[in-house]
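Here the structure is laid out as structure tokens; the discussion comes afterwards.
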């Protein structure tokens, strides 16, 4: 069965403001010093699905820039533009319908566009094993990340460790999923880590396109009805007209709430390949080596008695004296100064700018 990568790249990256903006959100930023994030994701999954077999689902306001930035890696026809943001269930259902209607069927490997992976070889091994699992079992497959500390910022997946089954010749095992758990408090996270039964929820999914559409029909019939109308128009001259009309009507729900948490036939493979979800500015520390004082430095700097800071200069010198545990981001039209423990509140700044009509900063 043919294999496809599906990259979810429609988000606004509001927790990465002021680096991430509407016209150039986080997935179109080069944070590693090598490539923009979405291109790194394309290259990462191409190793498993082959060249020319990757789709990107993005917001239509970003689609043209996405085509420009991914030129040479992507067929522009494989960039699917959403006329409205309707959460991950709609995004994944749209891609599944595209594959079934235009390419008959295939294994979908669904990835967010803003993850960081250190060990490409092991990542490919896990994805290949997950593809084999989905093809042989017809299960919904997810990849959990072996936890290295009691994180309160990630969701968790609880597995039945006694259910382990080896898959093919890969030497990898998959486990039956017992439940998905929301972000816990610190004490609960410590218990999860000690138990050995929990993995971080990576948001990566692997399954047959036809299988997930059956799940939509069973568990999310309202969304499936919209997808079916779009599917009927695919390949006709009315395709875009129908998408523009129907897509904004799709109910908003995540794939986790709508399908994964309600399905009994979900299995997980555990990954240990240097994964991080680059969800907020403090995660810039993952992308670059620290200096001798624990600082992550971008751009021109003069730093005196400065420790454990993330300092990002775009086109101006940043000078610091006697500060610790700060994030300073300098963009051409905005400067953010934030305690490292408050990065989740950056989204509140974006909300305030929007409510005050300061659209030029968004």
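A few remarks follow.
- Condition check for residue 152: within 25 Å of residue 1 (Cα to Cα), in contact with a helix residue (DSSP H, G or I) (Cβ under 8 Å, 6 or more places away or on another chain), in the same structural domain as residue 260 (by TED's automatic domain parsing) and assigned to a loop (DSSP other than H, G, I, E, B): no
- Test: residue in the stretch 313-325 that is surrounded by 15 or more Cβ atoms within 10 Å (Cβ to Cβ), touching a residue at least 12 places away in the same chain (Cβ under 8 Å) and under 12 Å from residue 281 (Cβ atoms): no
- Considering the stretch 256-362, the qualifying strands (runs of 3 or more DSSP E), each wholly inside and each with 2 or more residues that are in contact with a strand residue (DSSP E or B) (Cβ under 8 Å, 6 or more places away or on another chain) and under 30 Å from residue 208 (Cα atoms), run over 266-271, 275-277.
- Qualifying residue in the stretch 165-178 (condition: in contact with a strand residue (DSSP E or B) (Cβ under 7 Å, 6 or more places away or on another chain), closer than 30 Å to residue 344 by Cβ and part of a strand (DSSP E or B)): yes
- If you filter the stretch 326-342 down to residues that are touching a residue at least 40 places away in the same chain (Cβ under 8 Å) and more than 26 Å from the chain's Cα centre (by Cα), you find that the one that is nearest to residue 153 (Cα to Cα) is 335.
This table checks each residue for (1) surrounded by 18 or more Cβ atoms within 10 Å (Cβ to Cβ); (2) without any contact (Cβ under 8 Å) to a residue 24 or more places away in the chain; (3) touching a helix residue (DSSP H, G or I) at 6+ places or on another chain (Cβ under 7 Å).
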residue	(1), (2), (3)
10	yes, no, yes
35	no, yes, no
49	yes, no, no
59	yes, no, no
62	yes, no, no
65	no, no, yes
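- Selection status of residue 290, out of contact with any helix residue (DSSP H, G or I) (no Cβ under 7 Å at 6 or more places or on another chain), free of Cβ contacts under 8 Å to residues at least 12 places away in the same chain and either outside the structural domain of residue 78 (by TED's automatic domain parsing) or surrounded by 15 or more Cβ atoms within 10 Å (Cβ to Cβ) (or both): yes
The values are calculated or read from the model by the stated rules, or taken from the named source; none is laboratory data. Given the structure is predicted, the values throughout are model-derived calculations rather than measurements. Here the Cβ is made from the backbone with ideal geometry for all residues, glycine too, and neighbour counts use every protein chain on show.
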